[in-house]
Amino acid sequence: MSYNSYLWLKFIHYAAFISWMAMLFYQPRLFVYHAENRDNPEFVKVVKKMERLLFNAIGWIAFIFTILSGLAIIIFVKPDLMKVGYFHLKLTCALLLVIYHFVLFYYLKQFEKDKCTKNGKFFRILNEIPTLIMLGILYAMINMAQGA
């Protein structure tokens with residue numbers, strides 16, 4: 001793979017990751033609004049649509065492009081990354097984000113069926129998780145770039 005192709009692959013990976021993180025940050029905020037306004041059917045109707053569109057139109061697409069471009073980088077361009085300790089931290093954090101993604105999907109389905117009993121405070125706390133995981137990814141990336 002040419003260096004120019006590698007740069008485009010990294011570009012796709014970073015753009016997809018940023019888009020995915022945007023969804024991971026905002027989806028729980030919509031859940032907060034939903035949980036705190038269950039008694040307002042008109043609002044619930046609107047927020048359900050927003051939740052579904054955000055997850056399906058941005059979340060899944062960004063998730064898939066992030067994972068596939070990341071795997072392509074590992075397999076075709078930089079297989080030696082698997083020997084770098086900080087890369088293992090990055091992969092662990094990425095796996096945690098994948099799990100978090102499916103946790104959000106679970107709650108999306110619960111809200112769609114009007115079966116979610118969690119309150120706004122729960123989703124406010126849940127909303128902090130991707131920030132902490134992202135910090136782990138950034139820490140690993142900075143240390144990998146420095147050759148540590």
Notebook entry, point to check: Once amide H atoms are placed 1.01 Å from N in the peptide plane, what residues at a sequence separation of 5 or more from Cys116, or on another chain, have their amide H within under 5 Å of its amide H?
Noted result: Phe111
Item checked: Derived scalar couplings ³J(HN,Hα) [the stretch 42-47; Karplus, 6.51 cos²θ - 1.76 cosθ + 1.60; whole Hz; x for Gly, Pro] -> 5, 5, 4, 4, 5, 5
Notebook entry, point to check: Taking the chain on its own, what percent of its Cα-Cα pair distances exceed 22 Å?
Noted result: 45 percent
Notebook entry, point to check: Using the Cα gyration tensor of the stretch 1-55, with a ≥ b ≥ c the square roots of its eigenvalues, what is the shape: rounded (a/c below 1.5), prolate (a/b larger than b/c) or oblate (neither)?
Noted result: prolate
Notebook entry, point to check: Where does helix 129-145 land angle-wise versus the long Cα axis of the chain, in degrees 0 to 90, nearest 10?
Noted result: 10 degrees
Margin query: Using only Cα atoms and rounding to the nearest 10 degrees, what angle (0 to 90) does helix 85-112 make with the longest principal axis of the chain?
Written below: 20 degrees
Checklist line | the stretch 1-127, relative contact order in percent, only Cα pairs under 8 angstrom and at least six apart counted | finding: 42 percent
Check: Local charge sum around Leu91 (other residues, Cβ-Cβ under 15 Å, Lys/Arg +1, Asp/Glu -1)?
Finding: +2
Note to self: I need the phi-derived Karplus couplings for the stretch 54-67: 6.51 cos²θ - 1.76 cosθ + 1.60, θ = phi - 60°, integer Hz, Gly and Pro marked x.
What the structure shows: 4, 5, 7, 7, 10, x, 5, 5, 5, 4, 5, 5, 5, 5
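Every read-out reported here was derived from the displayed coordinates using simple, explicitly stated rules and does not represent laboratory data. Worth saying up front: this structure is predicted, and the values here are computed from it rather than measured. Methodologically, a virtual Cβ is constructed for each residue, glycine included, from the backbone with ideal geometry; neighbour enumeration extends over all protein chains shown.
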